[in-house]
Each structure stands twice: as C-alpha cells, then as structure tokens.
Amino acid sequence: MRRLFIAVDLSINVVERLVLFQDELQGRLRGAFGDDLSVRWTEAENIHLTLKFLGDTPGDLVSMLESTVSRLAEPLFPFEVECRGFGAFPRPDQPRILWAGLDAKSAEVLGLLQQALERDLQEIGVAADPREFLPHITLGRLKSRANPDLSELFGRYDELSFGKSYIKDLVLYESHLRHDGPRYEVLERFALGQPA
C-alpha cells in the first residue's frame, strides 16, 4: 500500500511568506503560553494545498489514478489563487490544526476542482470524502494537551494576504511517514491545459 494524496503547489513567494508567518506565530504563542504549548510546524518543503487525501492505496490502482487525474487536468486552464487569512480546526478556541486560508474566489475555484476530482475518482472506485472540502494550507499541528483560545489571534490575521500562486498543475504525492515528520515525494505532475 502507498500513502497518497493529490494537491496543488504554491509559489515560492507564498511559501516564504507562510514560513515567516509561522515564525511570527511561534513567537506569539511562546510569549503567551510559554513551554505549555507544543506545535509541530509544517516544513517549507512540505507546504501545499491538498485536494484529495487518498490514504493507503494499492499499488495496482496508481496507474488508474494517474490516467484519471491526467484526463481531468487536460482541458483545464491554469489559474491563480490568493492565500489569505488564518484559522484553526476544529475551531479557534480549541485549536488542533493551524492553517492559512484562501480568499472567497480562490476557495470557490478550488472547491469546483475538488468536486470534479471526487466525481472522476469515484468512477474508478475511490470513495468520496464525506467531509465538506475546506481548502487550506496546514501550518502546524498542536502536539500538547494545552487547549489555548486563539480567537484573538485569528481576528488579528483574518485579512492578512500571503500573496498569489499561479496553479499550472495537479500533483500526485506519496507521503512517507518518519519519526521526524512526513516526507512528501512527487510521483507525477499533471499539467493543466496540456494533452497527455
């Protein structure tokens, strides 16, 4: 079995701004909560936006996945998204995952792309995700038992823009879980608007 997901990559400028924001957040959280709060921050090379988490996938399904995603990508045009705002799952007063969001137009476009992806993958037997798709970029995961209320922080950064990314392909990644955190390997890139 291979642990797979489909994502889009963000521009280097956006990733750099997100990393600077992680540093700022780390300082603010340390100042407010000291060592009671432990966060595993997403490393710069792992920052991406997941469209579909496939999880453990049989090796013989990989070629069908690649064909399906390639067919979906071919008629689509590259597009731009803006990374904007800051939030937490499940909610700001009980944060477990810290994330950067997208502006409304970008979220709508990515939502439509994700729906098309879900539809096409169901045709080859991949189960649909029952949860609502909320496009986001994971910045960090809280690892401590402390349960800080970060509502004030979210209000402060609600409209903060991290810049725009030009999305020109979909990416099939394999996740390798290691003791020091995951490592993501690109298996295939599917260019938008390019015949297979």
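Restrict the check to the range 44-58 and report whether at least one residue is at pLDDT below 95, more than 29 Å from Leu142 (Cβ to Cβ) and outside any strand (DSSP E or B). There is at least one residue in the range 44-58 that is at pLDDT below 95, more than 29 Å from Leu142 (Cβ to Cβ) and outside any strand (DSSP E or B). Considering only residues of the range 1-41 that are open to solvent by less than 30 Å² (accessible area, probe 1.4 Å) and in a loop (DSSP other than H, G, I, E, B), which is nearest to Leu72 (Cα to Cα)? Per the stated criteria, the residue is Leu10.
Candidates in the range 84-107 are the residues that are of a type in the set (D, E, K, R) and either in a strand (DSSP E or B) or more than 15 Å from the chain's Cα centre (by Cα) (or both); of these, the one that is surrounded by the most Cβ atoms within 10 Å (Cβ to Cβ) is Arg84. Take the conditions part of a loop (DSSP other than H, G, I, E, B) and modelled with pLDDT of 95 or more and apply them to Pro135. Does it pass? Here the answer is yes, as Pro135 does meet what is asked.
A search for C-beta distances below 8 Å between a residue of the range 107-118 that is within 19 Å of Arg84 (Cα to Cα) and in contact (Cβ under 8 Å) with a residue 24 or more places away in the chain and any residue that is surrounded by 13 or more Cβ atoms within 10 Å (Cβ to Cβ) and small (Gly, Ala, Ser), counting only pairs 6+ apart in sequence or on different chains, returns Ala107/Gly101.
Restricting Leu98, Leu112, Leu76, Leu61 to those that are in contact with a strand residue (DSSP E or B) (Cβ under 8 Å, 6 or more places away or on another chain) and not acidic (Asp, Glu) reduces the list to Leu98. Here Val62, Val126, Val69, Val81 are screened, and the one residue that is over 19 Å from the mean Cα position of the chain (by Cα) and surrounded by 19 or more Cβ atoms within 10 Å (Cβ to Cβ) is Val126. If the condition is being more than 24 Å from Pro130 (Cα to Cα) and either among the aromatic types (Phe, Trp, Tyr) or free of Cβ contacts under 8 Å to residues at least 24 places away in the same chain (or both), then the range 17-59 contributes Leu20, Phe21, Asp23, Glu24, Gln26, Gly27, Arg30, Gly31, Phe33, Gly34, Asp35, Trp41.
Would you please list the contacts, defined by Cβ atoms under 9 Å and residues six or more apart or on different chains, that run from a residue in the range 60-83 that is within 24 Å of Leu102 (Cα to Cα) to a residue that is in a loop (DSSP other than H, G, I, E, B) and among the charged types (D, E, K, R)? Between residues of the range 60-83 that are within 24 Å of Leu102 (Cα to Cα) and residues that are in a loop (DSSP other than H, G, I, E, B) and among the charged types (D, E, K, R), the close pairs are Pro78/Lys168; Phe79/Lys168; Val81/Asp103; Glu82/Asp103; Cys83/Asp103.
The values are calculated or read from the model by the stated rules, or taken from the named source; none is laboratory data. Quick caveat, the model's predicted, so the values are computed rather than measured. With ideal geometry, Cβ positions are generated from the backbone for all residues, glycine too; neighbour counts draw on all protein chains shown. With ligands, DNA and RNA removed, areas are computed over all heavy atoms of the protein, side chains included. Shrake-Rupley method; radii C 1.70, N 1.55, O 1.52, S 1.80 Å.
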